[in-house]
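Below is one structure, written out as structure tokens; the observations come after it.
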Amino acid sequence: MQLKNKLVLQLLDRSLRGRLRMKTMTMKQLLSLSMLALAVMFLPVNSYAELPVPAHIKPPVGTHESPTVPQPIEFPHDRHVNDMKINCMYCHTYARRSKVAGIPPTSKCMGCHKIIATDRPRIKKLTEYWEKGESPRWKKVHDVPDYVHFTHEKHIRKFVFNADFPVEDVQQVCGLCHGEIRAMTVAEKKKPLNMGFCRRCHQDNGGPGDCWKCHK
């Protein structure tokens, strides 16, 4: 009888210790999760790793800050590029075959947004344009003087297609002149796009030095 009672007491002791250890572990886990949650709460909303630079390109040095250009609709580039992984050339389809990159027609936007996020204020505004048969009057952000001849097609051909660079990573090439578009809502000008900026790129990446190539 005494032996039986002793065994029962040992089992009870082990059980209680096990429960206490479980409670201790649970508290540690809860504390760790709480600290992680607090850390995440205080992270910047748009926290992105720096956009990689393609190995075959030496990027020109230069930054630029200018006031945000107001647009008819606050288009969220970050949502489309970073979250949805939509390729730059899906919307700016002329970049690979024309001087200008082009703004997508409203019909392309509505191809998705007839059924996606139709209750959002931005999409409601877009739908109003669509139903009126109008396009939003987007304002140009990355502009160069009229006497400068810049063509997207030649740059995309050199740095992407002729270099066998993955088309799905084209934003790394676009970012050399347009900056971290994936971290922006409406596009902002973050590179100077002046003569010095372009000359440095041409000199470092085997571009032409003839004045008439850029000044027609």
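Descriptive notes on the structure:
- In Hz, Karplus ³J(HN,Hα) per residue of the range 185-192 (6.51, -1.76, 1.60; θ = phi - 60°; x = Gly, Pro): 8, 5, 5, 10, 7, 10, 10, x
- Radius 11 Å from Cβ of I103, net charge of other residues (Lys, Arg +1; Asp, Glu -1): +4
- In nm, spacing of pseudo-spin labels at K140 and R79 (7 Å Cα→C-beta vector): 2.8
- Exposure proxy order (Cβ contacts within 10 Å, fewest to most) of I115, I181, I103: I115, I103, I181
Each value in this text was obtained by applying a stated rule to the coordinates, not by laboratory testing. Small disclaimer: the values here were computed from a predicted structure and weren't measured. Please note: Cβ atoms are built from the backbone with ideal geometry, for glycine as well, and neighbour counts cover all protein chains shown.
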